Amino acid sequence: MSASIRTLGAEEAAARLDALSALLIDSVEGGASVGFLMPMTRAKADAFWRKVIADVAAGVRRLLVAESAAIGIVGSVQLVFAAPENQPHRADVSKLLVLRSARRQGIGDTLMQAVETEALAAGRTVLVLDTATAEAERVYQRTGWTRLGALPDYALMPDGSLCDTVLYFKRLSR
Ligand SMILES: CC(C)(COP(=O)(O)OP(=O)(O)OC[C@H]1O[C@@H](n2cnc3c(N)ncnc32)[C@H](O)[C@@H]1OP(=O)(O)O)[C@@H](O)C(=O)NCCC(=O)NCCS
């Protein structure tokens with residue numbers, strides 16, 4: 001499947017709320033620790049994306065999606081600009097998600113490359129992320145991120161069991 005990457009504005013994202021929520025629900029139901037516990041509901045997913053869309057409208061977050069001609073949105077990732085005035089060069093990368101039916105085709109890697117390009121264009125040269133997902137760790141290591149270490153028992157898996165989170169950073173240069 002070939003997917004193209006696009007940065008969505010707030011209005012476009014609001015118009016795609018159904019697809020964005022379906023993407024998030026699919027990952028949580030697949031067992032990913034991305035901020036939610038089972039049962040995952042449409043209401044929780046919609047509330048999450050509405051906050052993201054408000055941040056996009058406020059200019060503090062970027063939302064990138066991967067789209068295929070056949071399915072529409074098959075993946076997404078976010079860039080969250082650091083708020084403190086002494087971190088104008090830093091951003092967090094968040095919620096790398098690919099539909100289970102579209103995985104293992106390179107979309108995760110492509111989204112990460114695109115979010116780095118977006119960060120650099122916005123002058124953000126120090127990126128940070130955390131993950132509890134082994135597949136995601138392999139994406140980050142392939143795309144040149146540095147593993148800092150694991151924070152034990154940081155969060156819960158969707159089924160309520162404790163999980164570590166692993167911190168990564170990447171320094172970008174022009
Ligand atoms: C982590 C995640 C985004 C990866 O997405 P993805 O699109 O499957 O990632 P990629 O396709 O780039 O890479 C995945 C694997 O497919 C392989 N692959 C890529 N293209 C391939 C192809 N054409 N043929 C066969 N394998 C391929 C990669 O080498 C990689 O292999 P590995 O896992 O053995 O290292 C996805 O698993 C996901 O959404 N997980 C749930 C949400 C989550 O936990 N996200 C992380 C939040 S921090």
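Annotation: extensible slack from ASN86 through THR117 equals 8.9 nm (criterion: 0.36 nm per residue apart, minus Cα-Cα distance). Only DSSP H runs of four or more residues enter the estimate; each adds -39500 (n - 2.57), and after division by the residues of the chain the mean residue ellipticity at 222 nm equals -10500 deg cm²/dmol. Given the chain reduced to its alpha-carbon atoms as identical point scatterers, what log10 I(q)/I(0) does the Debye formula return at q = 0.08, 0.11 Å⁻¹? Normalising to I(0) and taking log10 leaves -0.22, -0.44. Which distance in Å, rounded to a whole number, links the C-alpha centroids of the stretch 120-147 and the stretch 49-90? Comparing the Cα centres of the stretch 120-147 and the stretch 49-90, I get a distance of 15 Å.
Here, each number is a calculation from the coordinates, and none is a lab measurement. Remember, predicted model here, so these are calculated numbers, not experimental data.
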